[in-house]
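Here's the structure we're looking at; comments come further down.
None of the figures in this text is laboratory data; all of them are computed from the coordinates on show. Note that the structure is a prediction, hence the values are computed from the model and not measured. For neighbour counting, all protein chains shown are included, and Cβ atoms are generated from backbone atoms with ideal geometry for every residue, glycine included.
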Amino acid sequence: MTSNEIRQSFLDFFASKNHKIVPSAPMVVKDDPTLMFTNAGMNQWKNIILGNDPITYPRIADSQKCLRVSGKHNDLEEVGHDTYHHTMFEMLGNWSFGDYFKNEAIEWAWEYLTEVLKLDKDRLYVTVFEGSKEDGLERDNEAAEIWAKFIDKNRIIDGNKHDNFWEMGDTGPCGPCSEIHIDLRSEEERKAIDGKLLVNGDHPQVIEIWNNVFMQYNRKADGSLEPLPKKVIDTGMGFERLCVAVQGKTSNYDTDVFQPMLKAIGKKCDCAYGVSEKTDVAMRVVADHIRTIAFAITDGQLPSNAKAGYVIRRILRRAVRYGYTFLNQHAAFIYKLIPDLIESMGKAYPELKQQQTLIEKVIKEEEEAFLRTLETGIRLLDKIIVDTKNANKTEITGVEAFTLYDTYGFPLDLTELILKENGLTLNENEFNAEMQKQKERARNAASVETGDWVSLLEGDSIFVGYDQTSCETKILRYRKMASKGKEYYQVVLSKTPFYAEMGGQVGDTGTLTSNNEKIIVIDTKKENNLPVHIVEKLPQNVSDVFVAEINADNRTAIEANHSATHLLHEALRQVLGNHVEQKGSYVSANSLRFDFSHFQKLSAEEIRKVEHLVNKKIRQNISLQEYRNIPIAEARELGAMALFGEKYGEEVRVIQYGSSIELCGGTHVKATGCIGMLRIVAESSVAAGIRRIEAVTAENAEKLLDTLQDTQTTIRELFNNVPNILQAIKKTIDDNAVLKKKMEDFMHEKTMNMRNTLLERAANINNVKVIKHIGEDSPELYKNMVPLLKGKFADTKFAFIIGTVYEGKPSLILFLSQPMIDAGFNASTIVREAAKEIQGGGGGQAFMATAGGKNADGIQIAIDKIVEAVTK
Ligand code: ATP
Ligand code: MG
């Protein structure tokens, strides 16, 4: 079977067991502060499992794109070195929400593997949870007994809490799990060592393929467990590993999922797979990472220097580095493999083809930037090596290695490799300590303590904020939170007009008022799809009836900005072309930000055109047409554009202003006239191929224009309100240039005159020619004089000593000729000493030094001191 056939057979099998087959959710998670990437099939069902979303289908199956490169699941360092962990992989899964449980789950898993795929029963092993004293849990005998119906008792292995008890997080749904492992070794190897002994032993050919989780408990904040009202089956099977088993291979990279890419890499890099381990690792790294990066970009996550973007950047850099070190690729090469990726995966994932140019541009730019960093790092390392050798040492410090790691993207093994070539080592303990410190810094910055929910009432939270700015409501539940030493509460209301931050639109602020008190809501966010109101203190009586009221002025300003982004999006497509696609947006009361795909800077004319188009639509005062809860197919028919990488439900909301039609859950103005006006205030680049526009509307546009007009008025007044202000400014600039030139000539003449006067006054003291002078001209004048005097006294002992009080500030200047320096005098030390008299400091070089100070009265004594010092 080909990999495509295997995937299809899984979906068909569970469809035949009455499962609803759904598409994969995007790999990049948006609007969830606890998760950057989908790392398991169950992520998109989290809200159903938590009871925050209704169960639409009690049985679901799918194939989910997963990424395990951060947080709880991080396989990044394994990838390439082993043959069965990937960064991005597909997870085949089936779910039951309060429907079937262990019996069916186990039976069907067995049926699918052994009857549909005909995997050899003698190669399979299963694990069950052994129980846990601290949690008061017995062995999962229930699962073991069901398994025993299908598989020899000898092949059922007990597993500990670490491997066989799954938890969503520190709190929340959890339960025992059963894993299915397969032994892919040759007959001889299997005879020599019993496969049972290798299960969970990191053997590359005895691997876990499928995990069946039986969620039956809820873990509370105090650590105790309570039964889950609706039990959940959650399974996940590694698709690439399953292909290995079905296709009779021993490595994921030998299946048709990876072979085409490995061949392409071999061709581009002039190497072959299977010849040397080092090259193989590097080829696997590139073959794996290129998928992840390309899919992340189509999902809307570009490499950047923060959060999810930074994770993607690091993956790309890892591929570049392996290519650089082991495949001899010193110029950007990964982007050149994108056509090959599209060739092998483009059919199943058409978005790759659609966004090909963007993917290639982004990768190329990133590769080139990182190669430059890499070379800088290598130069730094070269210097460290030389310094270490010169100091007769053989070890570089952990701090140096960490700097290379942290700033230049050098992992420890690369640094070690280069050091080894130079006969050096590094202090690994120190390095690890630095690493630990960094991790702690990150953890402290991110940690949030979550209390248990206190439930007051049952029911769902109803959002009325599309139509109302206030309503009566009661508190459904609340919990205490703490982050960075600050405590606050999350409150869920039975009914709420507060919009929770989503799709780039910031959350509402406002108040909760009862007969007795008023509580300020500082923000509203979605957590696991639950709208939570953030308050700094709880009401005294949490069971009161409250009036929830949003800050309406604020909301009006937000709505104007949000609706304006829709008009902006349309105008950009009109002016720049249909390749323009939204890549992110941020809408607050003050301004709006809109990121979109486009390959060059917008010209001033283009910006104007866009502004004019938007403002025309605003003046047309087009009424809002809103469609709530319509099927997505119908929305598409209306012409609404769905963004790739955005997760939409089956029912969507459409926002239409004439020809602008978008899928959007945000709040909007009743008619475009409410936007007042849009002005673009900035246009910039956020990444290769992505531009950003910042703009203001309504009152903020008015403020902007006020400021511009006020500035203009002030300028006019400064120019006595002449009729042609531009001409007047130009003339002033020209006049100024002429005056400046005249001034320079004048200063030069003055300097020459002064020099001549001073020369006449030059005295001979103790065989030293001394010019000393106290004046009120700028120190610059005297400094400029130095080159005019220098030549005259090149072979004489000569000191030029100036004190000047210019604009009330005293300064000292001392110049000494070469013979003076030869005789051991140092202008810098002398001036620094004398500067004490003017309460100042300064310095310079042996032949010339200056000082500035505060006490002008001390200038005479300072000069006397200098004279004394240079003539003794
Ligand atoms: P392992 O111990 O092999 O890392 P796991 O315990 O982390 O696996 P689960 O979290 O149970 O795996 O995920 C379910 C299935 O997904 C696994 O049985 C495996 O087939 C697959 N899987 C997990 N991690 C990866 C990965 N990094 N690459 C490819 N497949 C994976
Ligand atoms: Mg794992």
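In plain terms, the C-alpha convex hull of the chain casts an average shadow of 51.6 nm² when viewed from every direction.
With Cα atoms defining each centre, the stretch 459-519 and the stretch 8-32 are spaced 33 Å apart in the structure. Since only Leu67, Met27, Ile384 are under comparison, the one whose Cα sits farthest along the positive direction of the charge dipole of the chain, derived from C-beta charges on Lys, Arg, Asp and Glu, is Ile384. What number does the stretch 37-149 give for Rg over Rh if you use C-alpha atoms and the Kirkwood radius? Value, to two decimals: 0.99. Net length available on complete extension from Ser685 to Leu788 is 32.0 nm, with 0.36 nm assigned per residue and the Cα-Cα distance removed. Across the options Gly803, Phe847, Ala835, the greatest Cα extent toward the positive end of the charge dipole of the stretch 775-866 (unit charges at beta carbon of Lys, Arg, Asp, Glu) belongs to Phe847. Taking the C-alpha atoms only, the angle from helix 259-269 to the longest principal axis of the chain is near 20 degrees. Of Ala294, Asn328, Gly248, which is farthest towards the positive pole of the stretch 228-332's charge dipole, taken about the Cα centre with +1 and -1 on the beta-carbons of Lys, Arg and Asp, Glu respectively? In the stretch 228-332, that residue is Ala294. In the stretch 487-524, whose amide N lies under 12 Å from the spot 7 Å out along Cα-to-Cβ of Ala221? List them in ranges. Those under the cut-off are 487-491.
Within the stretch 716-807, the GluC sites (Glu not before Pro) that combine a DSSP coil assignment with at most 16 other C-beta atoms in a 10 angstrom radius are Glu776, Glu807. Could you give the distance between the Cα centres of the stretch 107-150 and the stretch 264-311, to the whole Å? So the separation of the two Cα centres works out to 36 Å. Taking R0 as 25 Å, what's the FRET efficiency between Thr56 and Asp32 from their Cβ-Cβ distance, rounded to 0.05? Efficiency at R0 = 25 Å is approximately 0.80. Spin-label model, Ala445/Met1: points 7 Å from Cα along the beta carbon direction are separated by 4.6 nm. Annotation for the stretch 1-110: GluC sites (Glu not before Pro) lying in DSSP loop with at most 13 further Cβ atoms inside 10 Å of their Cβ are Glu77.
Across the chain, the mean sequence separation of Cα contacts (distance under 8 Å, 6 or more residues apart), normalised by length, yields a relative contact order of 6 percent. Please give the FRET efficiency for Asn515 paired with Val454, using the beta carbon to beta carbon distance and R0 = 22 Å, rounded to the nearest 0.05. Plugging the Cβ-Cβ distance into 1/(1 + (r/R0)^6) gives 0.50.
Taking the number of Cβ atoms within 10 Å of each Cβ as an exposure proxy, the fewest-first ranking of Glu111, Glu536 is Glu536, Glu111. For the chain, the Cβ-based charge dipole about the Cα centre amounts to some 2880 debye (Lys, Arg positive; Asp, Glu negative; other atoms uncharged). Between Ile733 and Met435, the modelled labels are 5.7 nm apart [label points 7 Å from Cα along Cα→Cβ]. When the trypsin sites (Lys or Arg not before Pro) in the stretch 265-351 are filtered for DSSP coil states and for at most 11 other beta-carbon atoms within 10 Å of their beta-carbon, the remaining sites are Lys347. The slack between Lys854 and Glu187, meaning 0.36 nm per residue of separation minus the straight C-alpha distance, is 230.9 nm. Extension gain for the segment His748 to Ile378, taken as residue separation times 0.36 nm less the Cα-Cα distance, is 128.1 nm to one decimal. Relative to the longest principal axis of the Cα atoms of the chain, the long axis of helix 307-326 lies at roughly 90 degrees. Each Lys and Arg contributes +1 and each Asp and Glu -1, all at the Cβ; summed about the Cα centre of the stretch 717-788, the dipole is approximately 280 debye. Just to verify a number: FRET efficiency for Glu650 and Gln712, C-beta to C-beta distance, R0 = 41 Å, to 0.05? The value I calculate is 0.15. Note on the stretch 128-271: with charges restricted to the Cβ of Lys and Arg (+1) and Asp and Glu (-1), its dipole about the Cα centre is near 460 debye.
Over 19 Å apart at the Cα level, from the set Lys30/Lys230; Lys17/Lys102; Lys20/Lys118, are Lys30/Lys230; Lys20/Lys118.
Working from Cα pairs under 8 Å separated by at least six residues, relative contact order for the stretch 139-187 is 25 percent.
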